[in-house]
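Here is the structure we will look at, set down as structure tokens.
The values are calculated or read from the model by the stated rules, or taken from the named source; none is laboratory data. Worth saying up front: this structure is predicted, and the values here are computed from it rather than measured. Methodologically, a virtual Cβ is constructed for each residue, glycine included, from the backbone with ideal geometry; neighbour enumeration extends over all protein chains shown. The area values use the complete protein model at the heavy-atom level, side chains included, leaving out ligands, DNA and RNA. Shrake-Rupley method; radii C 1.70, N 1.55, O 1.52, S 1.80 Å.
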Amino acid sequence: MANNEVKKLAGQTAIYGGTTVLSRLLNYLLVPLHTYLFSNAADYGVVGELYAWTSLFIVILTYGMETAFFKFSQDDEIKDRVYTTVVGSLLCTSTLFIVLCGIYSQPIADWLQYPNHPEYVRWFSVIIGVDALTSIFFAHLRFQNRAMTFAAVKITNILVNVLLNLFFLLLCPWLLTKNPDSAFVNAIYNPEIGVGYIFIANLVASVVTLLMLFPGIFKQKFVFDWQLWKKMFRYAFPLLIFGLAGIVNETMDRVLLKRLSLAPDPQASVGIYSACYKISIMMTIFIQAFKYAAEPFFFRKAKDKDAKETYAEVMTAFVLVCSVIFVGIMLYMDLVQYFVGATYRVGLSIVPILLMANLFLGIFYNLSIWYKLTGQTKFGAYIALFGAAITLVLNWILIPRFDYMGAAWTTFACYLSMMVVSYLLGQKYYHVDYDLKRILFYLFFAVAVYGLSVGVNKLFGIESMGVRLVVNTVILIGYLAVLGLMNKEMVRGIIRRK
């Protein structure tokens with residue numbers, strides 16, 4: 001039974017994952033566009049820093065209500081009121097945020113050290129407010145298992161964003177080279193805006209998404225239940241603290257790099273770090289896709305007798321897939337490096353560190369189900385605060401000494417610590433018999449295979465990219481063969497399904 005449930009989750013992950021993979025791939029194709037066009041790493045550093053702040057404020061403006069929505073919507077009698085109450089709450093707070101940022105855009109821009117660009121603050125306030133509001137619309141689609149609608153809106157968002165990036169960053173400059181006096185191009189394009197067009201494209205895409213999703217709220221009677229909201233907020237508040245601490249762990253390294261780095265150009269360090277972080281795309285995509293499908297799945301599964309057995313199987317399968325992704329990326333780094341412009345490749349040494357760090361984060365997401373199911377969300381906040389403390393302290397110590405390499409190792413230490421603490425607490429309050437031997441083997445085997453690749457290429461002094469790729473392909477085949485032998489039943493099941 002548990003195995004069938006894992007297959008069901010795998011199917012949902014594939015649907016959401018297919019959307020996420022396609023949308024993320026289209027979106028991440030912008031990374032080489034940006035890093036090749038903006039050869040000055042400091043320019044891309046602006047992008048990295050402002051999106052770090054964006055992630056922080058989206059967490060603040062959603063204040064844990066997405067998970068609270070899933071939790072309280074399990075009661076069929078009130079699920080409609082739950083949805084409209086959350087929508088009303090997020091609509092009010094997002095609108096207030098946009099208005100305040102518009103009024104105080106110049107002081108905020110001064111504090112961010114972009115005094116000549118208060119428009120950045122205004123643009124991002126709309127992006128953040130709109131994305132916070134639409135998060136609950138997307139959550140509602142996931143709850144209703146409307147994966148195709150979810151996919152269509154997500155893909156539309158990314159297509160608008162990508163097309164506008166291409167329009168402003170490639171087409172308009174090309175048109176001006178052909179006809180510098182073009183009234184149409186000069187009316188809509190100003191070369192001095194530069195990286196600002198990345199933000200404008202995002203702004204338009206977010207508004208289009210809102211226009212597609214917002215009419216759905218009018219399909220049912222709108223009710224704001226104040227008493228229900230208070231119950232939901234009490235449940236969600238620890239998740240807000242958890243989210244804030246978590247976003248400190250995930251993105252504040254960019255902000256801290258700018259302020260703590262002793263490099264000649266700290267903004268360039270932010271750009272290099274941000275670009276190389278994006279190379280972990282495939283790991284990030286899979287984890288994100290898994291999260292979309294797993295959270296509602298875990299809540300629905302909680303009532304079943306074999307729930308814990310299912311959670312254990314899901315964890316093992318998750319680590320297996322992430323380990324393969326890690327090995328695949330690292331063995332083909334000779335090709336993957338071209339994902340970013342030449343200026344940014346100086347930071348490639350942080351990629352394996354960040355890949356493994358994100359793998360630990362994915363495991364932590366799996367483990368976090370114990371405090372969500374038991375209603376002890378305060379522990380999620382405690383763990384995230386513990387991680388945030390590690391992030392702040394180690395970044396303060398390591399960045400001045402090692403620049404972005406210090407930020408990478410801090411991320412690794414943070415997620416490893418959070419994973420271990422969550423596991424230990426989870427075994428006490430909601431014991432699940434995870435297959436630790438197999439999980440640890442997958443992790444160490446992946447690192448060992450990467451080490452073998454590095455060792456073989458150094459031992460024989462292989463400098464040719466073609467030869468290295470052949471050698472690494474042989475190593476990868478051997479690695480996959482070992483995993484296949486260890487998971488014969490799963491392999492047979494996949495073959496039978498085909």
*So, in nm, how far is label V482 from label V470 when the simple model puts each one 7 Å beyond its Cα toward the Cβ?*
2.4 nm
*Protein chains only, probe 1.4 Å: how do L96, L210, L90 rank by accessible area, largest first?*
L96, L210, L90
*Answer rounded, prolate or oblate for the range 367-498, using the Cα gyration tensor with square roots of eigenvalues a ≥ b ≥ c: rounded when a/c is under 1.5, else prolate when a/b is larger than b/c, else oblate.*
oblate
*Looking at the square roots a ≥ b ≥ c of the eigenvalues of the Cα gyration tensor of the range 333-400, which shape do they give, rounded for a/c under 1.5, prolate if a/b is larger than b/c, or oblate?*
oblate
*Per-residue SASA entry for M418, accessible area with 1.4 Å probe, Å² rounded to 10*: 10 Å²
_Label corresponding to log10 I(q)/I(0) by the Debye sum over Cα atoms at q = 0.09, 0.13 Å⁻¹ when calculated from the structure given, among [x] -0.68, -1.18; [y] -0.67, -1.45; [z] -0.61, -1.24_ = [y]
_Shape category assigned to the range 255-377 from the gyration tensor of Cα positions, a/c cut at 1.5_ = prolate
*Qualifying aspartates and glutamates (Cα of each under 20 Å from Cα of K428; at least 8 residues distant if same chain)*: D306, E309, E313
*Dipole size in debye (nearest 20) for the chain around its Cα centre, Lys and Arg Cβ +1, Asp and Glu Cβ -1?*
1360 debye
*Using only protein heavy atoms and a 1.4 Å probe, report how much of K231 is accessible, in Å² to the nearest 10.*
110 Å²
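I need to check one value: relative contact order of the range 384-498, counting alpha carbon pairs closer than 8 Å and at least 6 residues apart, in percent.
The value is 15 percent.
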*Could you tell me which trypsin sites (Lys or Arg not before Pro) in the range 284-358 are loop residues by DSSP with no more than 10 other beta carbons within 10 angstrom of their beta carbon?*
K303, K305
*asked:* I'd like the carbon and sulfur percentage of the solvent accessible area for the chain, probe radius 1.4 Å, heavy atoms only, ligands and nucleic acids excluded.
replied: 67 percent
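How much accessible area per residue does the chain have, in Å², with a 1.4 Å probe?
Computed with neighbouring chains in place, this is 45 Å² per residue.
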*Longest exposed-loop-site-free stretch of the chain, with GluC sites (Glu not before Pro), DSSP loop and at most 13 other Cβ within 10 Å?*
78-462
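Exactly which trypsin sites (Lys or Arg not before Pro) in the range 417-484 are in a DSSP loop and have at most 13 other Cβ atoms within 10 Å?
Passing sites in the range 417-484 do not exist.
Please compute the contact order of the chain in relative form: average sequence separation of alpha-carbon pairs under 8 Å and at least six residues apart, divided by the residue count, as a percent.
It comes to 23 percent, rounded to a whole number.
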*Which of the listed residues, F364, L398, N186, is farthest toward the dipole's positive end in the chain, when Lys, Arg count +1 and Asp, Glu count -1 at the beta-carbon?*
F364
*Can you check what the net charge comes to around C414, using other residues whose Cβ is under 14 Å from the Cβ of C414 (Lys, Arg +1; Asp, Glu -1)?*
-2
*Which entries of K291/K378; K221/K372; K301/K437; K154/K303; K154/K230; K278/K437 show an alpha-carbon separation above 27 angstrom in the structure shown?*
K221/K372; K154/K303; K154/K230; K278/K437
